[in-house]
Every structure is written in C-alpha cells, then in structure tokens.
Amino acid sequence: MMRLRILGCSGGIGGELRTTSMLLDDDVLIDAGTGVGDLSLQQLARIDHIFLTHSHLDHVAFIPFLLDTVGFQRAQPVILHAIPETLDILGEHLFNWKIWPDFRKIPDERNPVLHCMPLQTGEAVVLGGGRRITPFPANHVVPAVGFHLDSGTGSLAFTGDTTRHPEMLKYVNKINNLRYLIIETAMSDAERELAVVSKHLCPGLLAEELAGLQLNPAIYVTHFKPREAETIMGEIAARMPQRHVKMLEQDQVFEF
C-alpha cells in the first residue's frame, strides 16, 4: 500500500496556502513546491527521491533548500527523477552557481548531494516495496509529465500542470486499478483564453477532457489560483454534476 500526503496544492502562496508538493510514504516527494517547508528536519532527511512533473518554480522551489539543509547529513545523494528536458532546464537556470550552487558537483562529482536520473514517458521506476512510478504525457508550456503511482493493488494518477491532451487520457484510461485522479484546474471559465495560452485547464476544458474518461475514479482538482476556489468548484459542479468532483486539500491523505 502507498500513502500520499498533500503538502501543498495551491497555485499561489499567502496564509496557509502552499504550492504543489506531495509526500509519498516517507521517502519520496512528488514535486517540491513550498509545502516541503512544513516538514521537520527529520522528515526532510528521510527523502531519498524527488519526482518532478516539470520545471516551473512553484513545483521546484524548495529543492535547493532541502539539499542545503539536510544533504550533507545523508550517506547517499538525493535522487532527482525528471524527463531530460526538465533536468536540462534546472541545470541551466537553477543549479548554475548564479541562482544556486550546483549540488550535482558538491562536495565533488564523485560524491554529490544530488544525483539526477532521466525519466522516459511510459517507463516505470520501481522503488522499494514494489512501488511503481510511471511518467505519462502532459501538455504544458514547458516539457511536462504526470505521474502514475501504483502500489500493485491500487493506483493514483496525478496530471501535474496540463491542458487537454489526448495522449494523457489514453494512458489514464489503461490504468485498470485506478482509484484516484488528481487533475489541475488552475483558472475559472472567465479566464478560458488565458488557460489556453498558458496551457492550463478551466472547468469548461476540464469537462471536455473528462468526457473521454472511461474509468470511474474519485476525482480531485488542484492548483487553483488564490481566491478562485469557490468560483471554480461551482463551475465544475454545474458542468459535471454526474462526476462528483472534489477539491484537493492540503494535508489530505490518500492510501491505495
């Protein structure tokens, strides 16, 4: 069984809001937004793997602080899993000695604090306990993927940031033990044009996408811009009353 705790699921910050980050069991992060900062030092030190959907700051912001805080307490490097394009972006724009030190070479290249492992869409990474994490296609303004988390008895799919994408739904429809689908809906229908340009979903686009969903998992929406939750959820309920879509909440826990 896997246990996924939502550390952050907002499209912004302020007060109790945290950006996208999830803790799988006690050793894996799925994205690393500001929610990571609420973990204790002991919890941070137990993180062995980070899986990234894409390179945007709200999903990667706390990787540098995690490495700087607990990296030197560890016997083994933290392993960062991402598609090659994302790893290239982080190397050029974040771990470049200008924004942050290159922890891929600290304390030296043979014994780094951070080790990068490229992902390939559709190819599973198998972790201890038979846990399988498989990247699947997403459609965003930078190269991006979602993740299929499979314990062997149940699965959860997280789309990351995306707009409509036939290949994404094609993959999700093949998950025969799918219990939960977490899918972004960053904007309201009034911002549909902006959602299209920025490659996010709004309730209208979400309804069009889910019309092709052949399975019946519990569906949770995430990544709302601050102060838009009530509007977005109202629009979703009006468009898809049959789906019983729920809002993802910080500190929510999924077991599967």
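Every number here is computed from the coordinates shown, using simple stated rules; none is lab data. No experiment lies behind these values; they were computed from the predicted model shown. Reconstructed Cβ throughout: ideal geometry from the backbone, glycine too, with neighbour counts over all protein chains shown.
Classify the range 60-147: rounded, prolate or oblate, from the alpha-carbon gyration tensor (a ≥ b ≥ c, eigenvalue square roots; a/c under 1.5 rounded; otherwise prolate if a/b is larger than b/c)?
oblate
Please compute the net charge surrounding residue 192, taking Lys and Arg as +1 and Asp and Glu as -1 over other residues with Cβ under 15 Å from its Cβ.
Spelling it out: positives minus negatives among the neighbours equals -4.
Around residue 102, which amide H atoms from residues at least 5 apart in sequence, or from another chain, sit under 5 Å from its own amide H, with H modelled in the peptide plane?
97
List, in order, the whole-Hz ³J(HN,Hα) value for each residue of the range 14-31 obtained from phi through the Karplus relation with A = 6.51, B = -1.76, C = 1.60 and θ = phi - 60°; use x for Gly and Pro.
Karplus-based 3J(HN,Hα) across the range 14-31 equals x, x, 8, 6, 9, 7, 4, 6, 9, 10, 9, 6, 10, 10, 9, 9, 9, 6 Hz.
With just the Cα atoms defining each centre, how far is the range 89-153 from the range 44-86? Give it in Å.
Their Cα centres are 8 Å away from one another.
Report ³J(HN,Hα) in whole Hz for each residue of the range 80-91, in order, from the Karplus equation J = 6.51 cos²θ - 1.76 cosθ + 1.60 where θ = phi - 60°; Gly and Pro get x.
9, 9, 7, 5, x, 4, 5, 4, 5, 4, 5, x
For residue 7, list long-range residues whose amide hydrogen, built 1.01 Å from N in the peptide plane, is under 5 Å from its own amide hydrogen.
Under 5 Å from the amide H of residue 7: 21, 22, 23, 251.
Run the helix sum for the chain: -39,500 (n - 2.57) per DSSP H stretch of 4+ residues, divided by residue count, reported at 222 nm to the nearest 500 deg cm²/dmol.
Value at 222 nm, helices only, nearest 500: -6000 deg cm²/dmol.
Extending each Cα 7 Å along its Cβ direction at residue 73 and residue 16, get the distance between those two points in nm, one decimal.
The two pseudo-label positions are separated by 2.7 nm.
Which aspartates and glutamates have a Cα less than 14 Å from the Cα of residue 199, not counting those fewer than 8 places away in the same chain?
Cα-Cα hits under 14 Å: 161, 184, 189, 191, 209.
Which distance in nm do the two modelled labels at residue 230 and residue 25 give, with both placed 7 Å along the Cα-to-Cβ direction?
For residue 230 paired with residue 25, the spin-label model returns 4.2 nm.
With just the Cα atoms defining each centre, how far is the range 216-256 from the range 1-40? Give it in Å.
17 Å
Could you tell me which residue out of 96, 115, 127 lies farthest along the dipole of the chain toward its positive end? Charges go on the beta carbon: Lys and Arg +1, Asp and Glu -1, centred on the Cα centre.
Sorting the options by dipole projection puts first 127.
Only Lys, Arg, Asp and Glu count, each charged at its Cβ (+1, +1, -1, -1), so figure out the dipole size of the chain about its Cα centre, rounded to 20 debye.
Dipole of the chain, to the nearest 20 debye: 420 debye.
Skipping prolines and chain starts, which residues have an amide H placed within reach, meaning under 5 Å, of the one on residue 51, given they are 5 or more residues away or on another chain?
Here the answer is 29, 30, 31, 81, since their amide H atoms fall under 5 Å of that of residue 51.
Please list 59-69, 227-237 highest first by mean number of surrounding beta-carbon atoms within 10 Å per residue.
My ranking of the peptides, most packed first, is 59-69, 227-237.
Output the peptides 35-46, 160-171 sorted from most to least packed, where packing is the average of other Cβ atoms within 10 Å over each peptide's residues.
Peptide ranking by packing, descending: 160-171, 35-46.
Can you pull out the chymotrypsin sites (Phe, Trp or Tyr not before Pro) in the range 72-153 whose DSSP state is coil and whose Cβ has at most 11 other Cβ atoms within 10 Å?
Of the chymotrypsin sites (Phe, Trp or Tyr not before Pro), the ones in loops of the range 72-153 whose Cβ has at most 11 other Cβ atoms within 10 Å are 97.
Of 162, 137, 178, whose Cα points farthest to the positive end of the dipole of the range 109-184 (charges on the beta-carbon: +1 Lys, Arg; -1 Asp, Glu; origin at the Cα centre)?
Sorting the options by dipole projection puts first 178.
Between residue 43 and residue 115, what FRET efficiency comes out of the Förster formula 1/(1 + (r/R0)^6) with R0 = 25 Å and r the beta carbon distance, rounded to 0.05?
Calculated transfer efficiency: 0.75.
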